[in-house]
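Colleague: Okay, here's the structure, questions in a sec.
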Amino acid sequence: GAKFVHVFYHFARYVMIEDMKKLSVGTGIPFAEAVMWKPRDMYIAKARHRVAYSKLLQNLQREDFILQEYRKKAK
């Protein structure tokens with residue numbers, strides 16, 4: 001449900017940030033630090049979060065629909 005998607009989104013974000021930290025060590029590219037910065041305009045940040053969250057939810061719903069269709073056809 002919605003709680004699972006919310007937890008999954010935050011987990012995916014955490015994993016992405018940790019992976020970026022590992023990959024950017026010694027390169028002089030501050031990607032991980034940029035991700036952790038607080039934005040100046042919280043309205044835009046919240047809007048981006050809503051868009052990303054919605055896209056993740058749409059992708060998960062589409063994947064679930066496709067899997068259900070495959071199961072129907074397999075029977």
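The values are calculated or read from the model by the stated rules, or taken from the named source; none is laboratory data. Quantities reported herein were computed from a predicted structural model and do not represent experimental measurements. Positions of Cβ are generated from backbone atoms using ideal geometry, with glycine treated the same way; all protein chains shown enter the neighbour counts. With ligands, DNA and RNA removed, areas are computed over all heavy atoms of the protein, side chains included. Shrake-Rupley method; radii C 1.70, N 1.55, O 1.52, S 1.80 Å.
Colleague: I'd like to know if the stretch 37-56 contains one or more residues that are of a type outside the set (D, E, K, R), without any contact (Cβ under 8 Å) to a residue 24 or more places away in the chain, open to solvent by 70 Å² or more (accessible area, probe 1.4 Å) and not in a helix (DSSP H, G or I).
Modeller: Yes, the stretch 37-56 has at least one match.
Colleague: Anything in the stretch 1-36 that is open to solvent by less than 70 Å² (accessible area, probe 1.4 Å), of a type in the set (Gly, Ala, Ser) and modelled with pLDDT under 85? List them, or say none.
Modeller: SER24, ALA32, ALA34, listed by residue number.
Colleague: Going by the structure shown, is GLN61 modelled with pLDDT of 80 or more, surrounded by 11 or more Cβ atoms within 10 Å (Cβ to Cβ) and of a type in the set (S, T, N, Q)?
Modeller: Yes.
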